[in-house]
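Following: one structure in structure tokens, then a few remarks.
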């Protein structure tokens, strides 16, 4: 008996139509139909796909033009939903990907444009984590499942980068100068306290006396005529 054979390969899903009316979804396998039946099978890949979007421009609240790049990976979630949205042509995934990128791009633009450039780095981790429930739901409506959504980079204009570099340099210098000033004050306070302690201490005076003689003696042969011996020495 003759029959019509249709095949769904592994990691693919099939949509069965009879007389152009959707019947059911078929998993991987080989299917046989009567040659008198007007049936067709649309086969869609369930493999992971990815797209990288670069140099998208956006304005911050203080009107600084930034550029950002991001990466998305996705796969088929609902084959029937995808076909209903984008048709049965070979370019249905390409059309779906365009919508996917547009949704993610709008989502990121709204996040970045709500911040000013000066505080953007403070919220970088929050912006980078944009695989949120609302984004996933919007993409699921296309028949796709968002697997990964990752911010690659945010680039400031060269003039703004130079301004930030100078600002960072001035902050580091100010911090260093403040630390040096604190050290100088602490050193001065310690020297003052030490001088107060040494002022009337006879033992310290005697050691200073010996140190002075030793320094002079190191420079050659000398004869020292010592008058009154310090009181500390006479006591010892």
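The values are calculated or read from the model by the stated rules, or taken from the named source; none is laboratory data. None of these values were measured; they are calculated from a predicted model. All Cβ positions, glycine included, derive from the backbone under ideal geometry; neighbour counts span all protein chains shown.
Return the residue satisfying two criteria in turn: it lies in the stretch 143-154 and is farther than 29 Å from residue 13 by Cα and loosely packed, with under 14 Cβ neighbours inside 10 Å, and of such residues it is modelled with the highest pLDDT.
If we take residues in the stretch 143-154 being farther than 29 Å from residue 13 by Cα and loosely packed, with under 14 Cβ neighbours inside 10 Å, then 152 is modelled with the highest pLDDT.
Among the candidates 39, 8, 53, 13, single out the residue that is assigned by TED's automatic domain parsing to the domain that holds residue 149 and surrounded by 15 or more Cβ atoms within 10 Å (Cβ to Cβ).
Values: 39 fails: assigned by TED's automatic domain parsing to the domain that holds residue 149; 8 fails: assigned by TED's automatic domain parsing to the domain that holds residue 149; 13 fails: assigned by TED's automatic domain parsing to the domain that holds residue 149.
The conditions single out 53.
Could you check the stretch 66-84 and list, in sequence order, the residues that are over 19 Å from residue 26 (Cβ atoms) and in contact with a helix residue (DSSP H, G or I) (Cβ under 7 Å, 6 or more places away or on another chain)? So that I can check it myself, show each step before the final result.
Quick first cut of the stretch 66-84, residues over 19 Å from residue 26 (Cβ atoms) only: 66-74.
Correct list: 66, 68, 70, 72, 74.
For residues that are exposed (fewer than 14 other Cβ atoms within 10 Å of the Cβ) and in contact (Cβ under 8 Å) with a residue 12 or more places away in the chain, tally how many sit in the stretch 27-36.
We begin by selecting, within the stretch 27-36, every residue exposed (fewer than 14 other Cβ atoms within 10 Å of the Cβ); these are 27, 29-30, 32, 34-36.
Subset that is in contact (Cβ under 8 Å) with a residue 12 or more places away in the chain: 27, 29-30, 32, 34-35.
Final tally of qualifying residues: 6.
Any idea how many residues of the stretch 56-84 are over 25 Å from residue 137 (Cα atoms) and in contact (Cβ under 8 Å) with a residue 40 or more places away in the chain?
Summing the residues that are over 25 Å from residue 137 (Cα atoms) and in contact (Cβ under 8 Å) with a residue 40 or more places away in the chain in the stretch 56-84 gives 8.
Please state which one of 80, 105 is surrounded by fewer than 18 Cβ atoms within 10 Å (Cβ to Cβ), touching a strand residue (DSSP E or B) at 6+ places or on another chain (Cβ under 9 Å), more than 12 Å from residue 144 (Cα to Cα) and modelled with pLDDT of 85 or more.
Exactly one residue qualifies, and that residue is 105.
If a residue has to be in a helix (DSSP H, G or I) and under 21 Å from the mean Cα position of the chain (by Cα) to count, how many in the stretch 85-124 make the cut?
Matching residues across the stretch 85-124 total 18.
One residue is enough: does the stretch 37-48 have a residue meeting the conditions under 30 Å from residue 125 (Cβ atoms) and at pLDDT 90 or above?
First pass over the stretch 37-48, keeping only residues under 30 Å from residue 125 (Cβ atoms): 48.
Narrowing the set further to residues that are at pLDDT 90 or above leaves 48.
Yes, some residue in the stretch 37-48 is under 30 Å from residue 125 (Cβ atoms) and at pLDDT 90 or above.
Filtering the stretch 125-142 down to residues that are in a helix (DSSP H, G or I) and loosely packed, with under 13 Cβ neighbours inside 10 Å, which residue is farthest from the chain's Cα centre (by Cα)?
137
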